[in-house]
Amino acid sequence: MRIMFTGAAPWVDSGYGKPLRYLLPRLAEQGHDLALCTFFGYRGPNTTLTVGTKERHCDVMVFGSTKDGYFNDIIEMNYAGFEADCVISLQDVWILQRWGFRKMTWLPWMPIDCNQVPPKVLNAIENCWAPLSYSQAGCDLLKGTGWPNARWMPFGVDMDVHQIRDRDEARRAVGLPEGGFIAGMVAANSSWPSRKSFPEVLAAWADYVEQGGRGKLYLHTTITSKHGRTAGLEFTSLLDSLGLDWSTLDDPQPWRREEATVLFPCQHRMWNSAYRDHDLALIYNSLDVLLSPSMGEGFGIPILEAQASGVPVVTLRTTSMPEITFAGLCLEPEQRWWSEHDAWRGLAPIAGINNALHTYAKLGAEHKAALAQQAREGAERFDWDRLVAEFWTPLLEEVAGG
């Protein structure tokens, strides 16, 4: 088949880019010809580029965006020019304009990160060939709104990159203290209110410290938002309000790093997207627990990657998170939260996160080892090779058959 995707460039570390880094080479190995329309990460002319990883990569025809950054103005021309059999959009669909009524076979591969399918999502996918959801929960919601042919098409993980490694060696490589308890988050600072629940996690951490808890909280994110206050947090005021000392891994003052209870990565590397998958694998292995109690997730790639690395997680019992929490705690939401998408999400419980911190800070070696094995076994079901065989091959055969 000749398959066109839309999404972020595969070298971009986001939920709209990373999946393509692993999926496209595997589809190419099956003999498919591939094209990609990139709305982020590439602004050049149409050309052929090699995408993927060092171990598995392929050539893809890449189309740069034009006046409309999401290809509403030119998607049909790209589709016809590539002689595509279908186009699969990996992005939020509510910004796409009547793609189901264009002269093309369109499959929106999309997040459902609320407890209902937002009305603007239902409007956008009208007349598509079939909607694809990252989560089983999202797929069930779509079926309940009149899309019986909705498909669950989950994201995956590279089990070779994300393995269980020696914790002390990982911490030395990352620059984190070798001893003591370290909780962490790996999440983008790109929404307001914070969908990733940064304020709730920090409030729980402040309570943990005040209650005598020891350790570090590592936040793998940017201290300031990349998109202004309307799309993220300014962490300094939040940390000051909670009385939490903070520092960065590249702080030139060692005493400040030692005294800080909250640590951030090198901000220059964050802003330049210089942390790659092997860096993240070391970061996960440095943690005793990953905190990811988001208000809602379309999937939750860090949750899966952390568990592939043998690290337990703390999530929220809403949207996709229960189905990818294999080892850890899935907390009940404090209450419902009406989101900007005209649909409900959940609010993370500060007390519940605080209790989880105390729990994981006290875990013994035997319990940690059992959780690591449980986490790893759960993540193996989402190995990319397995997903392509079980999900993508049957889907594309059905699309090819009309």
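On inspection, ARG345 passes the criterion of being buried (at least 20 other Cβ atoms within 10 Å of the Cβ), over 24 Å from SER286 (Cα atoms) and modelled with pLDDT of 95 or more.
Tallying residues that are hydroxyl-bearing (Ser, Thr, Tyr) and in contact with a Gly (Cβ under 8 Å, 6 or more places away or on another chain) within the range 11-36 yields 2.
Find the strands (runs of 3 or more DSSP E) located wholly in the range 304-343 whose residues include 3 or more that are of a type outside the set (S, T, N, Q), touching a residue at least 24 places away in the same chain (Cβ under 8 Å) and in the same structural domain as ALA375 (by TED's automatic domain parsing), and list them.
313-316, 328-331
Residues that are in contact with a strand residue (DSSP E or B) (Cβ under 8 Å, 6 or more places away or on another chain) and not aromatic (Phe, Trp, Tyr) number at least 3 in the following helices (runs of 4 or more DSSP H) confined to the range 87-187: 136-144. Within the bounds of the range 193-216, is there any residue that is of a type in the set (A, V, I, L, M, F, W, C) and part of a strand (DSSP E or B)? No, the range 193-216 has no match at all. Just a yes or no: is a residue in the range 356-376 at pLDDT 95 or above, under 30 Å from TRP94 (Cβ atoms) and surrounded by 19 or more Cβ atoms within 10 Å (Cβ to Cβ)? So far as the range 356-376 goes, no, none of its residues is at pLDDT 95 or above, under 30 Å from TRP94 (Cβ atoms) and surrounded by 19 or more Cβ atoms within 10 Å (Cβ to Cβ). Would you confirm, using the coordinates I've provided, whether ALA281 is assigned to a helix (DSSP H, G or I) and at pLDDT 95 or above? Here the answer is yes, as ALA281 does meet what is asked.
If only residues of the range 14-53 that are within 21 Å of ARG276 (Cβ to Cβ) and either β-branched (Val, Ile, Thr) or in contact with a Ser or Thr (Cβ under 6 Å, 6 or more places away or on another chain) (or both) are counted, the one that is surrounded by the fewest Cβ atoms within 10 Å (Cβ to Cβ) is THR50.
The values are calculated or read from the model by the stated rules, or taken from the named source; none is laboratory data. Just so it is clear, the model here is predicted, and its values are computed rather than measured. With ideal geometry, Cβ positions are generated from the backbone for all residues, glycine too; neighbour counts draw on all protein chains shown.
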